[in-house]
Each structure stands twice: as C-alpha cells, then as structure tokens.
Amino acid sequence: MTVSRAHRHGPSPSLAHDPADGRTPTGSIRPAEAAGTQTPPPSPAIPARRTHLLRTTVPAHPSRASGVRTMVAEYLLRLRLPPDCVDNAVLATGELFANAIRHGSSGAGDAITVTIECTRRDLRVTVADRSSALPYPRTADRAEESGRGLAIVTALADDWGIAPPEPGTTGKRVWFTLAFQGAR
C-alpha cells in the first residue's frame with residue numbers, strides 16, 4: 001500500500017525485536033555485515049558501505065516523544081549524516097510517532113516500534129503501531145492545532161507510504177525515506 005508519491009522501496013526487512021527498558025527508548029545498532037568485519041570510517045555525508053539498522057519499541061505515550069526524537073538525532077549524528085538530513089528525519093519521525101500515539105494506540109500497554117535503516121543511498125524510518133486504521137493527508141484549518149503531520153512528512157521526505165504489519169502482528173507500518181544527494 002502506498003500513499004502520496006510512487007513507492008520506490010519494498011517494505012522494511014524484519015529485524016530482531018529490542019524491548020525498551022520502560023524509561024528511555026533504546027535499541028541495538030546492528031550492521032548488516034557480519035560482526036567483526038572492519039570497514040573504513042563513514043564519510044561526513046554518507047554512511048559507510050553497509051546498512052545500519054536500529055530498532056526500538058517504546059510505550060505509546062506522549063511523554064516518550066522527546067526521547068524518540070533524541071534517540072533518532074543521536075543515532076544519525078553518530079552515522080555522521082548531514083545536519084539538515086538529521087533535522088528532517090527527527091521532525092518527520094516525531095510527526096509519525098505523534099500520529100501513532102493519537103490515532104494508532106488504544107490505551108495503556110500499547111507500544112510503538114521505530115526502525116531506522118540507513119544505507120549508502122538513503123535513510124528509511126518506519127513507525128509501526130497496532131491500529132489497522134490507515135493514515136490519510138488532510139487539510140487543516142488555519143485555526144486548528146493539529147492535522148498537519150502528514151503534510152510535514154510529505155514536505156520533508158522524498159517518499160512515504162504505508163506497509164502491512166510484520167508477520168504475526170496487527171496494525172500497520174508508516175515509513176518515509178530521505179535520499180542522499182548524488183546517491184541515486
């Protein structure tokens with residue numbers, strides 16, 4: 001399923017689940033290559049020639065939004081991505097996380113999974129929740145305080161869409177990509 005622009009990438013691969021500690025979003029950084037393989041340090045603009053993956057699951061609560069944004073920023077800065085890419089990814093992730101809380105959770109005990117995949121070509125962030133209700137862009141009235149999340153994601157991302165949940169789970173995954181300049 002895709003919303004907005006043409007779907008250029010398939011659904012994210014299934015990654016191992018890293019449970020949150022209940023206080024701060026955490027996850028494990030696992031390169032796609034075998035452990036112990038030495039690679040040169042990443043360039044300032046584009047990560048090294050391997051895929052970097054981070055996945056974390058956090059409670060579906062507004063108090064977790066700041067921690068999710070901080071986690072995304074710190075992870076992408078460690079990968080030495082350009083500041084504008086980090087800023088765009090943090091803002092778009094924050095919008096998808098807020099949407100998942102507001103429209104994708106049914107109450108206490110629900111969780112949201114955030115997955116970051118960074119390759120030499122692009123950055124892909126996926127936010128998964130348990131609701132099967134699909135997001136749709138809408139036009140918010142000037143006086144409304146909400147309703148602009150997907151418009152912000154559309155403005156920041158090169159592509160975004162919706163994927164079915166991972167096998168054995170319910171809900172949906174909403175994702176966006178940011179392509180690295182000159183990587184296409």
> Can you list the HN-Hα couplings for the stretch 62-72, worked out from phi with the Karplus curve (6.51, -1.76, 1.60; θ = phi - 60°), rounded to whole Hz and with x for Gly and Pro?
Replying inline: x, 5, 8, 4, 4, x, 5, 4, 5, 4, 4
> Which value, in Å², gives the accessible area per residue of the stretch 74-128 when a 1.4 Å probe is used on the protein heavy atoms?
Replying inline: 42 Å²
> With θ set to phi - 60° and the Karplus curve 6.51 cos²θ - 1.76 cosθ + 1.60, what are the ³J(HN,Hα) couplings of the stretch 79-96 in order, to the nearest whole Hz, using x for Gly and Pro?
Replying inline: 7, 6, 6, x, x, 5, 5, 4, 4, 5, 5, 5, 5, 5, 4, x, 5, 5
> Where the accessible area of the stretch 46-131 is counted over protein heavy atoms with a 1.4 Å probe, how much of it, in %, is carbon and sulfur?
Replying inline: 50 percent
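The values are calculated or read from the model by the stated rules, or taken from the named source; none is laboratory data. Note that the structure is predicted; figures quoted are calculated from it, not measured. Remember, those area values only see protein heavy atoms, side chains included, never the ligands or the DNA or RNA. Shrake-Rupley method; radii C 1.70, N 1.55, O 1.52, S 1.80 Å.
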